[in-house]
1. Give the lysines whose C-alpha is closer than 23 Å to that of residue 157, dropping any in the same chain fewer than 8 places away, or say none.
2. Using only helices, what value at 222 nm comes out for the chain when you add -39,500 (n - 2.57) per DSSP H run of length 4 or more and divide by the total residues, to the nearest 500 deg cm²/dmol?
3. Once fully extended, how much extra length lies between residue 181 and residue 210, figured as 0.36 nm per residue of separation less the alpha-carbon to alpha-carbon distance?
4. List the trypsin sites (Lys or Arg not before Pro) within the stretch 142-248 that fall in a DSSP loop (any state other than H, G, I, E or B) and whose Cβ has at most 16 other Cβ atoms within 10 Å.
5. Give me the extension gain from residue 33 to residue 57: residue separation times 0.36 nm, minus the current Cα-Cα distance, reported in nm with one decimal.
6. Please go through the stretch 62-135 and write out the trypsin sites (Lys or Arg not before Pro) that DSSP classes as loop and that have at most 16 other C-beta atoms within 10 Å.
7. Loop-only check: which chymotrypsin sites (Phe, Trp or Tyr not before Pro) in the stretch 81-141 are DSSP coil with at most 15 other Cβ within 10 angstrom?
8. Could you tell me the relative contact order of the chain? Use alpha-carbon pairs under 8 Å, at least six residues apart, and round to a whole percent.
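Each reported figure results from applying straightforward, stated rules to the coordinates on display, with no laboratory input. Predicted model only: the values in this text are computed from it and were never measured. Here the Cβ positions follow ideal geometry from the backbone for every residue, glycine too, while neighbour counts run over all protein chains shown.
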Amino acid sequence: MNNVIVVASGKGGTGKSTVCICLSVALVKQGKKVLLIDCDCGMRGLDIMLDIEQEILFDASDAVCGNCSFGEAVYKSKHNENLYLMAAPFDAENELSPSVFTQLVDTVKDNFDYVIIDSPAGIGSGFVTAAAPADRALVVANAEPTSVRGAVKVRNKLDTLGVTQSRLVINRFDKKLFKKLGFYTDLDAVIDAAQTQLIAIVPFDLNISVVMQRGAAGIDFGKHFSAFDRLSSRLQGILVPLELKGMI
Ligand SMILES: Nc1ncnc2c1ncn2[C@@H]1O[C@H](COP(=O)(O)OP(=O)(O)OP(=O)(O)O)[C@@H](O)[C@H]1O
Ligand SMILES: [Mg+2]
């Protein structure tokens, strides 16, 4: 299996959790069984974004402490057949160590086609834990210098941790804003600066934000999410174009 994927970024708020949910829904739509693991310990949010906040009794730390079985810490999405969530510990002091988290993922991963891990921003201990079991990584950045610098830092750290297959997701791309800011001549310049091969560009789209905040990704996953359908295909090695029409 080469399908344990950590979603990371240097700067906060680039869209990691959004990418985790939307990519997972897209994979499920393409017939895959997916486990999402929230590894943003103390700041978890995927349970809200999936609208199953009220159902979570046990989290990843309960599973490893023996407060519940591994299966009892895995919750099925209400709206997506084949989409499951393991929540992050609610309190930051219950952060798992990289070795314990790796054992946890090793125990559950064979029940799924893909395991998608949401990481906290930055390259601190929470990120190191999130990346520990990963076969590959998605580095999420916005097309602005502070975010791109963060992407380089994360990518370099992933390399030192042995996660050498990183791909760049440029999220919240807005052509007008990009041109007005004028930091980069074109998208190639962003990719060069990020020093990471591009796998997806997701446009800025208020519909994405609204659907996420409403926990409705499983219900309302229409044309606004086509970038995630393509990301899902490309991750599976299906060569679909990036679809840059209107972006440059
Ligand atoms: N493509 C997009 N278009 C519009 N809004 C977006 C897009 N992607 C994410 N957002 C919005 O940006 C905000 C931050 O997204 P999100 O919470 O996924 O980021 P994050 O990287 O997980 O943040 P953190 O570092 O705090 O965990 C949210 O309000 C989300 O709805
Ligand atoms: Mg997040």
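1. By straight Cα distance, residue 157 reaches 11, 16.
2. On the way: 10 runs with 91 residues, N = 248.
Theoretical 222 nm ellipticity from helices: -10500 deg cm²/dmol.
3. Numbers: separation 29, 0.36 × 29 = 10.44 nm, distance 2.53 nm.
Answer, rounded to one decimal: 7.9 nm.
4. Working: sites: 149, 153, 155, 157, 167, 172, 175, 176, 179, 180, 214, 223, 230, 234, 245; in loops: 214, 245.
Those satisfying the criteria are 214, 245.
5. Numbers: separation 24, 0.36 × 24 = 8.64 nm, distance 2.23 nm.
Going from the current span to full extension adds 6.4 nm.
6. Values: sites: 76, 78, 109; in loops: 78.
Here the trypsin sites (Lys or Arg not before Pro) that fit, given the DSSP loop and packing criteria, are 78.
7. 90
8. Values: 496 pairs, mean separation 64.4, N = 248.
Contact order relative to length: 26 percent.
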